[in-house]
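For reference, the structure is listed below as structure tokens.
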Amino acid sequence: MKIGYPCINRSIGCSSGRTFRLASYSDERLEETVRENLRCLQEILRFNLGACILFFRITSDLIPFASHPVCTAAWQETFAGTLRDIGRFIGEHGMRISMHPDQFVLINAKDPGILERSIAELRYHAAVLDAMHLDRTAKIQIHVGGVYGDREASIERFCSEYSRLDESILRRLVVENDDSRYTLADCLRIHEETGIPVLFDAFHHEVNPSGEGVAEAVDLCAATWRPEDGILMTDYSTQLPGGRKGSHAENLDGARFREFLAATAPTDMDIMLEIKDKEKSALRAVGIARRDGRFRPPAG
């Protein structure tokens, strides 16, 4: 088991997702920004290693506008060495990486333009992970997408478009249950048709259930992951007290997290904490998880 958090470290004073306005794009501006983003990503990963936080979600903004037609910079060639070094660091220390494109990525979109832009964005995400030379345990997670007034047709459209995606995307793509449209049962059905692994979002399952208890849900999702995909990835959060339904908590509820670990044992998984204070909650979760036999210390 590895514990992680997404995209932003609030302790170290830099961002790996710096960007700029599209209107001010230039290849020079892009390369300057990417150089700083990669430097910060390396700093985040070193911080995480020292804290035994071995799971991290890399921001989609690592290479700004990479999937946009305006981007003419040869970023893969320019930063090949740095990206390979980052991937080597990740591999040497037994870390795991994921990415999560923005909600505009919809492979079940009815609009051909949206579909085209979504595929371009997925190609970019896959290119980042490939440039780091990471194996297929580094995943890109997406939601099923829109319902468009016809759930059955939308699920079938997802399955149909999924089958047409590039191999570089297919080897990394996983689908997660969401908090309002598609339940875990829907995602498991899609897995049956496509073979796509199902990432379990525990909070979304609480908000938008399909009848399974947590232990059963984790087992069902874990069974969709092949050995080459690595162990199950799980997103974890709890309800923000006083917030609208589905709002993520500001910080980790230690008692609830202990209950979650107890309920899901012995199924192994890597846990991404979608909690707003980021690494602070991850540090607390690592302290709790150390008493769980599934927890993995850093390699090397």
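Within the chain, the cysteines lacking any other cysteine Cβ closer than 4.7 Å to their own Cβ are Cys7, Cys52, Cys71, Cys159, Cys187, Cys221.
For the chain, adding -39500 (n - 2.57) for each run of n ≥ 4 DSSP H residues and dividing by the number of residues yields -12500 deg cm²/dmol at 222 nm. Could you calculate the contour length gain from Glu156 to Asp27, that is, 0.36 nm times the residue separation minus the distance between their Cα atoms, to one decimal place in nm? Gain on stretching Glu156 to Asp27: 42.4 nm. The mean sequence distance of close C-alpha pairs (under 8 Å, at least 6 residues apart), as a share of the length of the chain, puts its relative contact order at 20 percent. The accessible surface of the stretch 122-172, taken with every protein chain in place and a 1.4 Å probe, is 48 percent carbon and sulfur.
A protection proxy built from the mean count of other Cβ atoms within 10 Å ranks the segments 273-282, 146-155, most packed first, as 273-282, 146-155. Working from label points 7 Å from Cα in the Cα-to-Cβ sense, the His93 to Asp292 distance is 2.1 nm. Which residues in the stretch 245-288 place their backbone N less than 12 Å from a point set 7 Å from the Cα of Ile8 along the Cα-to-Cβ direction? Within reach of a label on Ile8, which here means backbone N under 12 Å from a point 7 Å along Cα→Cβ, the stretch 245-288 contributes 275-279.
Computed over protein heavy atoms with a 1.4 Å probe, the accessible surface of the stretch 133-286 works out to 40 Å² per residue. If each residue of separation counts as 0.36 nm, what is the full-extension length gain between Ser168 and Ala185 once their alpha-carbon separation is subtracted? Stretched fully, the Ser168-Ala185 segment lengthens by 3.5 nm. Relative contact order of the stretch 150-199, taken over Cα pairs closer than 8 Å and 6 or more residues apart, is 37 percent. Give me the percent of the accessible area of the stretch 206-300 that comes from carbon and sulfur atoms, probe 1.4 Å, all protein chains in place. In the stretch 206-300, the share of accessible area belonging to carbon and sulfur is 54 percent.
The values are calculated or read from the model by the stated rules, or taken from the named source; none is laboratory data. Everything quoted here is computed from the prediction, not taken from an experiment. Cβ atoms come from the backbone with ideal geometry, glycine included; neighbour counts cover every protein chain shown. Side chains are part of the model used for accessible areas, which takes the heavy atoms of the whole protein and leaves out ligands, DNA and RNA. Shrake-Rupley method; radii C 1.70, N 1.55, O 1.52, S 1.80 Å.
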